[in-house]
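What follows is a set of notes on a single structure, which appears directly below.
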Amino acid sequence: MSLETVSETRSHGGVQGVYRHASTSTNTDMVYSVFVPPQVALGRPLPVLWYLSGLTCTHANVTEKGEFRAACAEQGIIFVAPDTSPRGPDVPDDPEGLWDFGQGAGFYLDATEEPWSRHFNMATYIVDELPLLIAEHFPADMMRQGITGHSMGGHGALTLALRNPGLFRSVSAFAPIVAPGLVPWGRKALRHYLGELGPAWRQHDTVALIEDGARVGELLVDVGEADPFLEKELRPELLESACDLAGIDLTLRRHAGYDHSYYFISTFMADHVRWHAQRLAG
Ligand SMILES: N[C@@H](CCC(=O)N[C@@H](CSC=O)C(=O)NCC(=O)O)C(=O)O
């Protein structure tokens with residue numbers, strides 16, 4: 001599989017790259033970023049941390065504002081940031097032109113409904129297609145993958161890890177949407193992509209997946225107490241009770257004064273990188 005280099009820039013002793021390729025999952029071109037740390041010089045494959053971004057984002061938001069590179073360079077972690085959806089003039093978008101659905105809002109699932117199903121196949125893209133490209137073109141140890149994400153991307157990280165046992169050795173999230181079937185952003189997306197409320201929704205809902213028996217060993221989740229989306233869209237208390245009942249070791253940190261922005265994410269990014277690095281070591 002070929003990729004086009006958009007840019008490669010020296011940073012923290014490693015290389016921050018941006019790449020484009022023709023995706024067979026989304027039937028569009030897709031752009032993503034990869035940071036390769038200086039430990040590449042040691043000649044051994046390095047662990048990979050996936051970061052799934054939130055609504056309205058491309059690869060660029062975290063790449064420019066996430067402040068992950070110093071910790072990745074310290075820990076020898078490859079950091080991959082995909083786009084959040086297919087894009088382009090032929091790709092359908094929110095019928096009302098709103099920002100919470102359609103392009104920039106793929107919700108990390110494979111749509112089954114028209115007109116979305118031709119392009120909106122982000123689960124296949126993240127789990128199957130992009131890892132093959134990363135393995136082929138970067139010094140990545142695909143037996144040591146961790147995943148994290150923010151908001152809609154936190155939902156993606158949690159649901160993809162729960163749906164693919166053993167694929168990711170470590171899972172964390174920043175301000176994730178944990179119960180999309182119960183909140184406005186999620187209900188809108190699931191209805192369009194999967195059809196009216198039904199069993200398929202539970203396959204893309206972290207709390208429902210846990211209630212239905214899916215498991216991960218442990219979770220690290222950070223939320224900001226000043227996040228305007230906390231009560232209406234994120235609902236971390238539902239994750240807390242689901243994990244309690246299921247016996248999942250959840251570390252849920254509530255940070256006074258922090259909101260939903262990259263000022264919040266970048267503050268705790270190094271903690272997450274180091275937390276994953278410990279679990280991806282060896
Ligand atoms: N309308 C605003 C708000 C959109 C927003 O807050 N997006 C978040 C993710 S929300 C959940 O998935 C985000 O990460 N925005 C990008 C950023 O760089 O902050 C808007 O359009 O900005």
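Some observations on this one:
- Spherically averaged projected area in nm², based on the convex hull that wraps the Cα atoms of region 71-167: 7.4 nm²
- Once C-alpha pairs closer than 8 Å and six or more residues apart are averaged by separation and normalised to the residue number of region 125-272, the relative contact order reads 22 percent.
- Restricting region 94-134 to GluC sites (Glu not before Pro) that sit in a DSSP loop and have at most 10 other Cβ atoms within 10 Å of their own Cβ leaves Glu96.
- In the chain, helical runs assigned H by DSSP with n ≥ 4 each contribute -39500 (n - 2.57); averaged across all residues and rounded to the nearest 500, the mean residue ellipticity at 222 nm is -8500 deg cm²/dmol.
- Ranking of Ser117, Ser25, Ser7 by neighbouring Cβ atoms within 10 Å, starting from the fewest: Ser7, Ser117, Ser25.
- Net length gained if the chain between Arg215 and Tyr263 were fully extended (0.36 nm per residue, minus Cα distance): 14.2 nm
- Of Gly88, His192, Tyr262, farthest towards positive along the dipole that unit charges on Lys, Arg, Asp, Glu beta carbons give the chain: Tyr262
- Ascending count of other beta-carbon atoms within 10 Å, so fewest first, for Ser53, Ser241, Ser23: Ser241, Ser23, Ser53
- Shape call, region 120-159: gyration tensor on alpha carbons, a/c limit 1.5: oblate
- With neighbours defined as other Cβ atoms within 10 Å of a residue's Cβ, the residues Phe138, Phe35, Phe120 order from fewest to most as Phe138, Phe35, Phe120.
- Computed about the Cα centre, the dipole magnitude for region 183-282 is approximately 300 debye when only Lys and Arg (+1) and Asp and Glu (-1) carry charge, each at its Cβ.
- Estimated distance in nm for a label pair at Ser117 and Ala256, the labels positioned 7 Å out from Cα along Cα-to-Cβ: 5.2 nm
- About the centre of its Cα atoms, region 223-270 shows a dipole size close to 100 debye [charges on the beta carbon of Lys, Arg (+1) and Asp, Glu (-1) only; nearest 20 debye].
- In plain terms, the chain from Thr9 to Leu245 could stretch by 80.3 nm, reckoned as 0.36 nm per residue minus the Cα-Cα distance.
- Under the Debye formula (equal points on every Cα, no solvent term), log10 I(q)/I(0) of the chain at q = 0.08 Å⁻¹: -0.29
- Charge tally for Val207 (other residues, Cβ to Cβ under 11 Å; Lys, Arg +1; Asp, Glu -1): -3.
- Taking the chain and dividing mean pair separation by its residue count, relative contact order in percent (alpha carbons under 8 Å, at least six apart): 18 percent
- For the chain, a simple Cβ point-charge model (Lys and Arg +1, Asp and Glu -1, everything else neutral) yields a dipole of about 680 debye relative to the Cα centre.
- Here's the picture: charge each Lys and Arg Cβ at +1 and each Asp and Glu Cβ at -1 in region 1-119, and of Thr28, Ala105, Ser11 the one pushed furthest to the positive end of that dipole is Ser11.
- C-alpha center-to-center spacing [region 231-282, region 98-148] in angstrom: 22 Å
Where a number appears in this text, it was derived from the coordinates with a stated rule and is not lab data. None of the values given here were measured: they were computed from a predicted structure. Positions of Cβ are backbone-derived with ideal geometry, glycine not excepted, and every protein chain shown enters the neighbour counts.
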